[in-house]
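Derivation of every value follows stated rules applied to the coordinates shown; laboratory data play no part. This is a predicted model, so every value here is computed, not measured. Here the Cβ is made from the backbone with ideal geometry for all residues, glycine too, and neighbour counts use every protein chain on show.
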Amino acid sequence: MAILEVRNLTHTYSGNSPFMNDAVKDVSFTVEKGEIIGIIGHTGSGKSTLVQHLNGLLKPTEGNVLFENEDIWENPKEIRKIRSKVGLVFQYPEYQLFEETVFKDISFGPRNMGLESEALENTVKEICGIVGVKPEFFEKSPFDLSGGEKRRVAIAGVMAMKPQVIVFDEPTAGLDPKGREDVMEIIRSYRKATNATVIIISHSMEDMAALADKVIVMNKGSLYMFGTAREVFSHSDELRKIGLNVPIVSQVFEALGLNNIPLTVDEAVEILKKRVGDNA
Amino acid sequence: MDNIIEIKNVTYEYTEDEATHIAVKNLSLNIERGSFTVILGHNGSGKSTLAKMLNGLNKPTLGTILVDGINTLAEETEIEVKRRVGMVFQNPDNQLIASIVEEDVAFGPENLGLPPKEIRQRVDSALKAVGMEEFVSSTPHRLSGGQKQRIAIAGIIAMEPECLVLDEPTAMLDPKGRREIVDTLHKLNKEKGITVILITHYMEEAENADRVLVMNDGEIISDGKPHEVFQNVEMLKSVGLDVPQTTELLYALQKNGFKVNTNVISVTDTAREIKKVLEGV
């Protein structure tokens, strides 16, 4: 079942001025409930502008965004309602931490949705359990945490609203390898616990190949490709043409001239085991 | 050996919330002139503190750092140290100051009080060195992240430093921007003989370095050629780092009983290793 549908979406910045610029041009795609969608594309390709339409933060210049078959702009006065259904985690979300304590910061979203006292506390604790915010952090100031922990708290704040779709804009940017792995683990845990639909913008082809069911490739504001991760990463020449690539492990198998191209290290090991086994 | 930087028993302490922290612990290290060194380490491992000590922005609490033989602690020669070691930081937007590319690159040489003709030459040559000569009259804020960061590097190159220290210059860039920066640094290293010290969280950027240093808790815990350092997969993971996916693949194959060497990094060499296995059957 489709949970989100983007129909012929165009977004023009500074319309009717000399700086008029189509940031997103005639983009259409459908997201099925429970899918993990990866969005790749170089800086300036329109990825961030595109996802800011999914929770009504930006209004399409042309085209529509449908949530469960209803245009989210049907009644513009009600647009805020979509924000609790589609959660958006911005780039560097830790810059938006503001409360005195970690617990208050994570409670902010669900409290705004009307949750109170015990129900609020239970929701926050549940999310903290899923994403690994330890109880001893609850009364700390978020500003006293390390960079990686701050980001964990900021992500938990969006998850606490229990959105049906959660969108991440480069959630691992600027983190060290351990921090990146932690964030990917948070996303996997949240999904496992809630079956939420996940949309994630990333520069890591390796992460997208391992995680995403489908991949959207953006180039110069247009949708350049949309398909399963396997389909998209089978077009290595087209991806390279627009400054992207396939995962490194796929590049190795391309260099070997094999037809069977793996997307992950585990797949690569299986392919080689089978090959050696068949030849033995 | 001709060393541009000599670090002897250096410790760096700082005080925060009335507690003393040691960011760098009794570290000794020489950097050879003309070499390309990559420093890896998780956030808080002491890399940035060390980097800032190399041009005197941070002063060692204990021990000495000599840059081209000059002690970074000596106030009267501070400018000499800064002239020899140029720093580039993570966010290009914080490093660009002028509204036109050439003015931005000229800022450093102008402050050195050089004659206009010399400044012109240095600006043109620096922009050429980073492959941005056609953007001489552009506005920096309209450029891509990778291009902006190359302008920031050009601004430093125009001061003609012996050594470039870059603290995560690619952290905010996309893969294309990252490649542009790493390629530019190798070019500057080979063609101009500039010593490069690159701090990064992206393991693959270490692939073609002469030397890789791994820092943890203010100490160097691994030091060698890239393929030597990346052999220690478990150790690197235990200190919050990673290995390139090629190494991860070879390591996984070895664990599964395949006879492959894990001491190669490039895609081509990795493919060759696997080919040997396939043909050996």
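Could you tell me the relative contact order of chain B? Use alpha-carbon pairs under 8 Å, at least six residues apart, and round to a whole percent.
Computed value for chain B: 21 percent relative contact order.
Show me, for the stretch A:222-238, the HN-Hα J-couplings you get by feeding each phi into the Karplus relation (A = 6.51, B = -1.76, C = 1.60, θ = phi - 60°), rounded to Hz, glycine and proline as x.
Taking θ as phi minus 60°, the curve returns 9, 7, 8, 8, 8, x, 5, 3, 5, 4, 4, 6, 8, 9, 4, 5, 5 Hz for the stretch A:222-238.
How big is the stretch A:125-280 on each of its three principal axes, counting only the C-alpha atoms and giving the largest first in Å?
59, 44, 28
When the Karplus curve 6.51 cos²θ - 1.76 cosθ + 1.60 is applied with θ = phi - 60°, which whole-Hz ³J(HN,Hα) does each residue of the stretch B:171-176 get, with x for Gly and Pro?
Each residue of the stretch B:171-176 in turn: 4, 9, 9, 7, x, 5 Hz.
Calculate the tail of P(r) for the stretch A:1-64: the fraction of all Cα-Cα distances greater than 17 Å, expressed in %. Intermediate results must be reported in sequence, preceding the final value.
Working: 847 of 2016 pairs.
Counting pairs separated by more than 17 Å, the tail of P(r) holds 42 percent.
Along the Cα-to-Cβ line of residue A:2, 7 Å from the Cα, sits a label point; which residues in the stretch A:68-85 have backbone N less than 14 Å from it?
Within reach of a label on residue A:2: A:68-72.
Would you calculate, for chain B, the mean residue ellipticity at 222 nm contributed by helices, counting each DSSP H stretch of 4 or more residues as -39,500 (n - 2.57) and dividing by all residues, to the nearest 500?
-11000 deg cm²/dmol
Using Cα-Cα distances under 8 Å and only pairs 6 or more residues apart, what relative contact order does the stretch A:133-204 have, in percent?
Computed over the stretch A:133-204, the figure is 35 percent.
Would you pull out the residues with amide H under 5 Å of residue A:219's amide H, same chain only if 5 or more places away, H placed 1.01 Å from N?
Correct list: A:224.
What is the diffusion coefficient of the stretch B:126-281 in µm²/s, taking the Kirkwood radius over Cα pairs and the Stokes-Einstein relation at 25 °C with a viscosity of 0.890 mPa s?
141
May I ask for the Kirkwood hydrodynamic radius of chain A, worked out over all distinct Cα pairs and given in angstroms to one decimal?
Result for chain A, one decimal place: 20.1 Å.
Of all alpha-carbon pairs in the stretch B:1-138, indicate the percentage at a distance above 27 angstrom.
35
Considering only C-alpha atoms, what is the centroid distance from the stretch B:179-251 to the stretch B:9-79, in Å?
Measuring centre to centre over Cα atoms gives 19 Å.
In chain B, if the dipole is taken from +1 on Lys/Arg beta carbons and -1 on Asp/Glu beta carbons about the Cα centre, which of B:231, B:7, B:169 is farthest to the positive end?
B:231
Could you give the C-alpha radius of gyration of the stretch A:193-277 expressed as a fraction of 2.2 N^0.38 Å, taking N as the number of residues it contains? Numbers along the way, then the final one.
Details: Rg = 13.9 Å, N = 85, 2.2 N^0.38 = 11.9 Å.
Dividing the Cα radius of gyration by 2.2 N^0.38 Å gives 1.17.
Collect residues whose amide H, placed 1.01 Å from N in the peptide plane, falls under 5 Å from the amide H of residue B:26; neighbours closer than 5 in sequence don't count.
Hits under the 5 Å cutoff: B:11, B:12.
Assign unit charges at the C-beta atoms only (+1 for Lys and Arg, -1 for Asp and Glu), then state the dipole size of chain B relative to its Cα centre in Debye, rounded to the nearest 20.
Dipole of chain B, to the nearest 20 debye: 780 debye.
Restricting things to alpha carbons, find the Rg to Rh ratio for the protein assembly as shown using the Kirkwood radius for Rh.
0.98
Restricting to Cα pairs below 8 Å that are 6+ residues apart, what does the relative contact order work out to for chain A? Please round to a whole percent.
Relative contact order, chain A: 22 percent.
Name the residues whose placed amide hydrogens come within less than 5 Å of the amide hydrogen of residue A:32, ignoring near sequence neighbours (fewer than 5 apart) on the same chain.
Sorted by chain and number, the residues that satisfy this are A:3.
Which of B:209, B:158, B:271 ends up with the largest GNM mean-square fluctuation for chain B, with Cα atoms connected below 10 Å?
Checking each option, the largest mean-square fluctuation is seen for B:271.
With the cut-off at 25 Å, tell me which of the pairs B:187/B:237; B:148/B:176; B:47/B:259; A:140/A:162; A:134/B:255; A:104/A:162 have Cα atoms farther apart than that.
Violating the 25 Å limit, Cα to Cα: B:187/B:237; B:47/B:259; A:134/B:255.
For the stretch B:137-224, restrict the atom set to alpha-carbon positions and state the Rg and Dmax in Å.
In order Rg, Dmax, the Cα atoms of the stretch B:137-224 give 13.8, 46 Å.
Viscosity 1.002 mPa s, temperature 20 °C: Stokes-Einstein D of the stretch A:131-184 from its Kirkwood Cα radius, in µm² per second?
Here the translational diffusion coefficient equals 179 µm²/s.
What are the semi-axes of the equivalent ellipsoid of chain B, taken as the square roots of 5 times the eigenvalues of the Cα gyration tensor, listed largest first and rounded to whole Å? Working shown, then result.
Values: eigenvalues 227, 129, 53 Å².
Ellipsoid semi-axes (Å, largest first): 34, 25, 16.
Which number do you get for Rg(Cα) / (2.2 N^0.38 Å) in the stretch B:69-170?
1.07
Residue by residue through the stretch B:236-248, which ³J(HN,Hα) values in whole Hz follow from phi under the Karplus form 6.51 cos²θ - 1.76 cosθ + 1.60 (θ = phi - 60°), with glycine and proline marked x?
4, 5, 5, 9, x, 9, 9, 10, x, 5, 4, 5, 4
Would you mind computing, in nm to one decimal, how far apart the modelled labels at residue A:112 and residue B:76 are, each placed 7 Å from Cα along Cα→Cβ?
Roughly 6.1 nm, to one decimal.
Farthest toward the dipole's positive end in chain A, which of A:167, A:179, A:58, given Cβ charges of +1 (Lys, Arg) and -1 (Asp, Glu) about the Cα centre?
After comparing all options, I get A:58.
Between residue A:79 and residue A:266, what length in nm is gained on full extension when 0.36 nm per residue of separation is reduced by their alpha carbon distance?
63.0 nm
Divide the volume of the convex hull of the Cα atoms of the stretch B:191-281 by its number of residues and quote the answer in cubic angstrom per residue.
Value for the stretch B:191-281: 104 Å³ per residue.
Provide the percentage of antiparallel DSSP beta bridges, counting only those with both residues in the protein assembly as shown; round to the nearest 5.
55
Choose one of B:58, B:153, B:116: the residue whose Cα lies farthest towards the positive end of the charge dipole of chain B (beta-carbon charges +1 Lys, Arg; -1 Asp, Glu; about the Cα centre).
Result: B:153, furthest along the dipole toward the positive end.
So what is the 222 nm mean residue ellipticity for chain A from helices alone, if each DSSP H run of at least 4 adds -39500 (n - 2.57) and you divide by all residues, rounding to the nearest 500 deg cm²/dmol?
-11000 deg cm²/dmol
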